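The values are calculated or read from the model by the stated rules, or taken from the named source; none is laboratory data. Nothing here was measured: the structure is a model prediction, and the numbers come from that model. So basically every Cβ, Gly included, is an ideal-geometry build from the backbone, and we count neighbours across all protein chains shown. Calculation scope for accessible area: heavy atoms of the full protein, side chains included, ligands and nucleic acids excluded. Shrake-Rupley method; radii C 1.70, N 1.55, O 1.52, S 1.80 Å.
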Amino acid sequence: MHLEVPAVSSLPALPAAGPSPSPSPSGTAPSVPSLQDAQQGASNAAGWVEENWSTWLAIGLRVLLIVVIAVVLRVIVRRAITKLMDRMSRTAQSVDGSAIGGLLVNVERRRQRSQAIGSVLRSVASFVILGTAALMVLSTFQINLAPLLASAGVAGVAIGFGARNLVTDFLSGVFMILEDQYGVGDSIDAGVASGEVIEVGLRVTKLRGDNGEIWYVRNGEVKRVGNLSQGWATAGVDVTVRPCEDLDRVKAVLGEVGEALSKEDPWNEMLWGPVETLGLDSVLLDSMVVRVSARTMPGKALTIERELRWRIKRRFDQEGIRIVGGLPVQHEESPADPTAGMSAPSAFASTTSPQAVAASPITPPTSTTK
């Protein structure tokens, strides 16, 4: 028996396996993206990328160029500042064109001053260069910088009001270092504290007092500074003698003492001038004061004064010149009479004296018997 098979094209289409798509709200069947639609989207994206890739490449190259230039410029500027500070620290400075200028600025002081100035300059240079590069990068991406700059200005004003003491300390420290008002090793009087400078910072200066204590002084609180270690110091000694002493002899002895001191080590290095007798500083009824002065190395005035007093006292003792002062002068008096403290003899000591007879009791009369 012969069977006929129907053609495939005449068979009805069977639904695909799997869940049937839910009908759309409008009642129409949803559109399923076909391969042709995907190809169309890909071609559109490729066309958009092809149209804009040159712009992206230009922006990327511009950003890369800005970053490279900023980094290279920052490195060059920082190295230049470092070399400049090293040259400043190695160069011996002079004061008033004199040969003693190199002694006034020690190695530690120059090193710390150059480090502080170099740190400030490097920080400022890095902030300016990197900040400018960041703004240029943002402008490359066509970002409006006006709101950003306005916000930064407002934030800066707020921070300035909130941290005004910190800003004041920092600015005062910068100017103190740039003007070289004081440095490590200097003896200063800062008003709020005094002592030897052991560290100079941009915000705080450390001082060591006479008793060894360490003072932390904020730079913004320093209104005046008295530097006792710059230039030269003056050693002054007041010699108080009796008004009856020969002034020419006293002056000659003081001159010999000063000349001997200026020829001995190590005092000749501390003295930067001859020991001079300035003359009478005051004349009183019981004393007169002769002033002796000398120009010394900074910070050595007290040492020279002590040595001068020591030598003057010993030499005056040898010459018989008496130094007075403090307590009133005790004048020499004659020895006291040993009988001055004895009382006068009393009239009642003698029983026959009228006073003794008048003071004696009256004897009663005796009775007679018959």
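Can you find even one residue in the range 294-304 that is on the phi < 0 side of the Ramachandran plot, loosely packed, with under 15 Cβ neighbours inside 10 Å and at pLDDT 85 or above?
Within the range 294-304, one or more residues are on the phi < 0 side of the Ramachandran plot, loosely packed, with under 15 Cβ neighbours inside 10 Å and at pLDDT 85 or above.
Restricting LEU247, LEU254, LEU280 to residues that are buried (at least 17 other Cβ atoms within 10 Å of the Cβ) and farther than 16 Å from THR296 by Cα narrows the list to LEU254.
Among the residues here, ASP169 does not qualify as modelled with pLDDT of 85 or more and open to solvent by 50 Å² or more (accessible area, probe 1.4 Å).
Screening THR234, THR205, THR240 for residues that are open to solvent by 60 Å² or more (accessible area, probe 1.4 Å) and assigned to a strand (DSSP E or B) leaves exactly one candidate, THR234. ASP265 meets each of the listed conditions (1) open to solvent by 40 Å² or more (accessible area, probe 1.4 Å); (2) within 17 Å of ASP317 (Cα to Cα); (3) not hydrophobic (A, V, I, L, M, F, W, C) apart from (2). Taking the criterion of being touching a residue at least 12 places away in the same chain (Cβ under 8 Å) and open to solvent by 40 Å² or more (accessible area, probe 1.4 Å), would at least one residue in the range 142-154 satisfy it? No, that holds for no residue. Scanning the range 168-202 for residues that are in a loop (DSSP other than H, G, I, E, B) and of a type in the set (D, E, K, R) yields a count of 3. Being open to solvent by less than 60 Å² (accessible area, probe 1.4 Å), in contact (Cβ under 8 Å) with a residue 40 or more places away in the chain and within 11 Å of the chain's Cα centre (by Cα) holds for only one residue in VAL217, VAL200, and it is VAL200.
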